[in-house]
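K.L.:
Below is the structure I would like to discuss, written out as structure tokens.
The values are calculated or read from the model by the stated rules, or taken from the named source; none is laboratory data. None of the values given here were measured: they were computed from a predicted structure. Cβ atoms come from the backbone with ideal geometry, glycine included; neighbour counts cover every protein chain shown. Please note that ligands, DNA and RNA were not included when accessible areas were found on the heavy atoms of the full protein model with its side chains. Shrake-Rupley method; radii C 1.70, N 1.55, O 1.52, S 1.80 Å.
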Amino acid sequence: MSASRPGVTIVPINGKAPQIDDSAWIAPGCSIIGDVTIGADSSIWYNCVLRADVSRIVIGERTNVQDGSVLHCDGPNPIMPDGAPLIIGDDVLIGHMAMVHGCRIHDRGFVGLGAIAMNNAVIASDAMLAAGAMLTEGKQMGERELWGGRPARKMRDLDDAAVMGMRMGVAHYANNAKVHAEAVTATLRDGAAQS
């Protein structure tokens, strides 16, 4: 446990250690393992697992990964010589309990709660993968598209209001992370004072 990241498990593996911007907030209960990079003002919420033991996970700035989500990648193999790293851009929303594996999410992409995105799939800028959807290997969503279902398919284009709603969600999580960081710090401080 780190004094600066209380309750967070940070594990170097295979010679790679997580690189986390000082301004990023990682909630207690998270495990950040291996070749993980987390950008400025991003937030990883309670009980998420980010495991980059066989390839890398890159998360941009102001992105949030919500409670209970699992992020992983795949290493090189005969079918995928370059493997399947997980690359996530800036201002991305990843909903609660999502499973995001070896795919690419462009800036301002959205993954709904409980959704699954698989190896080499692409979620384009301002696109939304609906709650509970499964984006199968190699599928590519276009900009401002809503995809849903299992397997996911295009349902419609997103209007300006939907895109604005996603951007408001990014701002909400950036602000709420600061509130939670202060609350966790205060709780730990109060607990230390009582012991």
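K.L.:
Between the alpha-carbon centers of region 65-123 and region 125-195, tell me the distance in whole angstrom.
P.N.:
12
K.L.:
Counting only heavy atoms of the protein chains, get the accessible area per residue of region 52-105 (1.4 Å probe) and round it to a whole Å² value.
P.N.:
38
K.L.:
Excluding ligands, DNA and RNA, what is the solvent-accessible area per residue of region 133-195 at a probe of 1.4 Å, expressed in Å²?
P.N.:
That works out to 66 Å² per residue.
K.L.:
Of all DSSP beta bridges located in region 35-116, what percent are antiparallel, nearest 5?
P.N.:
5
K.L.:
Mind listing P(r) for region 63-171? All alpha-carbon pairs, 5 Å bins, whole percents.
P.N.:
All Cα pairs, binned at 5 Å, distribute as 3, 14, 25, 28, 17, 9, 3, 1, 0 percent.
K.L.:
Rank these residues by their accessible area, most exposed first, probe 1.4 Å: His106, His172, His72, His180.
P.N.:
Final ranking, largest accessible area leading: His172, His106, His180, His72.
K.L.:
Let me check I've understood the local charge: for Lys178, count other residues with C-beta under 13 angstrom from its C-beta, Lys and Arg +1, Asp and Glu -1. What total comes out?
P.N.:
Overall, the nearby charge balance is -1.
K.L.:
Evaluated at 4 °C with a viscosity of 1.567 mPa s, what Stokes-Einstein diffusion coefficient in µm²/s does the chain have when Rh comes from the Kirkwood expression over alpha-carbon pairs?
P.N.:
77
K.L.:
So, one more: Over region 1-46, what is the mean sequence separation of C-alpha contacts under 8 Å (at least six apart), divided by residue count, expressed as relative contact order in percent?
P.N.:
39
K.L.:
If you take every DSSP beta bridge fully contained in the chain, what fraction is antiparallel? Give it as a percent rounded to 5.
P.N.:
That works out to approximately 15 percent antiparallel.
K.L.:
Considering Cα pairs under 8 angstrom that are at least six residues apart, work out the relative contact order of the chain and quote it in whole percent.
P.N.:
Relative contact order comes out at 12 percent.
K.L.:
Right, here's the next one. Compute, for the chain, the length of the dipole vector about the Cα centre, with Cβ point charges of +1 (Lys, Arg) and -1 (Asp, Glu) only. Units Debye, rounded to 20.
P.N.:
With only Lys, Arg, Asp and Glu charged at Cβ, the dipole is about 380 debye.
K.L.:
Quick check: at a probe of 1.4 Å, how many percent of the accessible area of the chain sits on carbon and sulfur atoms?
P.N.:
55
K.L.:
Using the Cβ atoms and a cut-off under 14 Å, what net charge is assigned to the surroundings of Val163, where Lys and Arg are +1 and Asp and Glu are -1?
P.N.:
After counting each charged neighbour, the total is -4.
K.L.:
When a/c reaches 1.5 or more, the comparison of a/b and b/c decides; with that in mind, is region 3-118 rounded, prolate or oblate per its Cα gyration tensor?
P.N.:
It comes out oblate by the Cα gyration axes.
K.L.:
Now, a different point. Give the peptides 91-103, 133-145, 30-42 in descending order of average Cβ contacts within 10 Å, highest first.
P.N.:
91-103, 30-42, 133-145
K.L.:
Ok, one more. Counting Lys +1, Arg +1, Asp -1, Glu -1, what net charge surrounds Asn64 among other residues with beta carbon under 15 Å of its beta carbon?
P.N.:
Local charge sum for Asn64: -3.
K.L.:
Restricting to Cα atoms and excluding each atom paired with itself, what does the Kirkwood estimate give for region 11-61 in Å?
P.N.:
The answer is 10.7 Å.
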